[in-house]
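The values are calculated or read from the model by the stated rules, or taken from the named source; none is laboratory data. Only a predicted model underlies this, so the values are computations on that prediction, with no experimental measurement involved. So basically every Cβ, Gly included, is an ideal-geometry build from the backbone, and we count neighbours across all protein chains shown.
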Amino acid sequence: MSVFDAYARYYDLVNQEKDYPAEAQYVASLIQEHGGETSTLLDIGCGTGRHAELLADSGFEVEGLDRAEGMIAQAKSRRPDIGYHVGDVCDFNLGKAFDVVSALFHVISYLTEEDQLRAAFKSIRNHLKPGGLFVFDCWHGPAVLHQRPEVRIRRLASESARVVRIAEPEMLPEKNRVNVNFEIFVEENGTWSQFTEEHPMRYLFRPEFEALLSDSGMELLRAEEWLTGNEPGEDTWSVVYVARVV
């Protein structure tokens, strides 16, 4: 079971302040800058499909992949015209190749072990056409070590539910990992429920990606701060990488 299965119903509510249109436009601009004429795109870790929908609306022929069945069910219900698949980034096989593969919202940081990263990059390479682009973001190691994650509490509400989410991080620097322990309280129809989840997150460094990309037949084209395009530094929590099949 995916770590996202339990609160798939509340995923969009928890992320309601996320500027999906700006992010999709930003990703499209990176693709246009580095890929020229591209048309097909596979969005890995697509969640409920917010990025996929917007990229499809901007002209890409989009498909999505996520290992959480609950997420895919929501994505399909909203946009049945987009091809969504349940699968794991480490071993999926769709039997086709794309111009672009994207993995957004720190999907790669959920791959905490070396063998997972190598398998994922191999699977992604196998789904890219010659010269295809791989666009992904992750937790940036220098910033995680410099800033250190803190306890965060979010309170959100919709017409049908209220959600309180407490995130307590546990640093594991010997493993380049942060275990984010979520405690989530949900109120619906006057009744409160509660559940917990652990999200292991790996923070990574540019030399790691350069080696992973090289080993899988890709080359790094660009690394910059997510959304701003600035040079990554110790205050840059999220970095986007653009790579190409060689």
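Structural remarks
- Residues of the stretch 60-72 that are out of contact with any Phe, Trp or Tyr (no Cβ under 9 Å at 6 or more places or on another chain) and either modelled with pLDDT of 95 or more or not assigned by TED's automatic domain parsing to the domain that holds S123 (or both): F60, V62.
- Pair list, Cβ < 7 Å and 6+ apart or interchain, from the stretch 210-234 residues that are more than 23 Å from V245 (Cβ to Cβ) to residues that are of a type in the set (V, I, T): E225/T236; E225/V239; P232/V239
- L156 meets the conditions (1) at pLDDT below 95; (2) exposed (fewer than 15 other Cβ atoms within 10 Å of the Cβ); (3) aliphatic (A, V, I, L, M) in every case but one. The failed one is (2).
- Scan of the stretch 171-215 for residues that are of a type in the set (S, T, N, Q) and touching a Lys or Arg at 6+ places or on another chain (Cβ under 7 Å), ordered by number: N176
- Inspection of the stretch 31-54 finds a residue satisfying the criterion of being crowded, with 20+ Cβ neighbours inside 10 Å, more than 28 Å from E187 (Cβ to Cβ) and either among the acidic types (D, E) or not assigned by TED's automatic domain parsing to the domain that holds E219 (or both).
- Any hit, the stretch 4-22, residues being at pLDDT 80 or above, under 15 Å from the mean Cα position of the chain (by Cα) and closer than 26 Å to G131 by Cα: no
- Among residues of the stretch 123-153, those that are among the basic types (K, R) and loosely packed, with under 13 Cβ neighbours inside 10 Å, counted: 2
- The set of residues in the stretch 80-109 being within 18 Å of A24 (Cβ to Cβ) and surrounded by fewer than 18 Cβ atoms within 10 Å (Cβ to Cβ) consists of D81, G83.
Yes/no matrix, rows are residues, columns are (1) small (G, A, S); (2) not in a loop (DSSP other than H, G, I, E, B):
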position: E17; (1), (2): no, no
position: S29; (1), (2): yes, yes
position: G47; (1), (2): yes, no
position: G70; (1), (2): yes, yes
position: S77; (1), (2): yes, yes
position: G95; (1), (2): yes, no
position: F105; (1), (2): no, no
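- Some residue of the stretch 73-85 being under 19 Å from V107 (Cα atoms), under 14 Å from the mean Cα position of the chain (by Cα), in the same structural domain as T112 (by TED's automatic domain parsing) and modelled with pLDDT of 95 or more: no
- Odd one out for N179, checked against (1) among the polar types (S, T, N, Q); (2) surrounded by 14 or more Cβ atoms within 10 Å (Cβ to Cβ); (3) in the same structural domain as L133 (by TED's automatic domain parsing); (4) without any contact (Cβ under 8 Å) to a residue 24 or more places away in the chain: (3)
- Some residue of the stretch 186-208 being of a type in the set (K, R), farther than 30 Å from S158 by Cα and buried (at least 17 other Cβ atoms within 10 Å of the Cβ): yes
- Checking each residue in the stretch 169-192 for being touching a strand residue (DSSP E or B) at 6+ places or on another chain (Cβ under 7 Å) and more than 16 Å from V14 (Cα to Cα) picks out P169, E170, M171, L172, N176, R177, V178, N179, W192.
- Residues in the stretch 219-246 that are crowded, with 19+ Cβ neighbours inside 10 Å and in contact with a Lys or Arg (Cβ under 6 Å, 6 or more places away or on another chain): V242 only.
- Among the residues of the stretch 107-132, those identified as assigned to a strand (DSSP E or B) and either more than 16 Å from G64 (Cα to Cα) or among the acidic types (D, E) (or both) are K129, P130, G131, G132.
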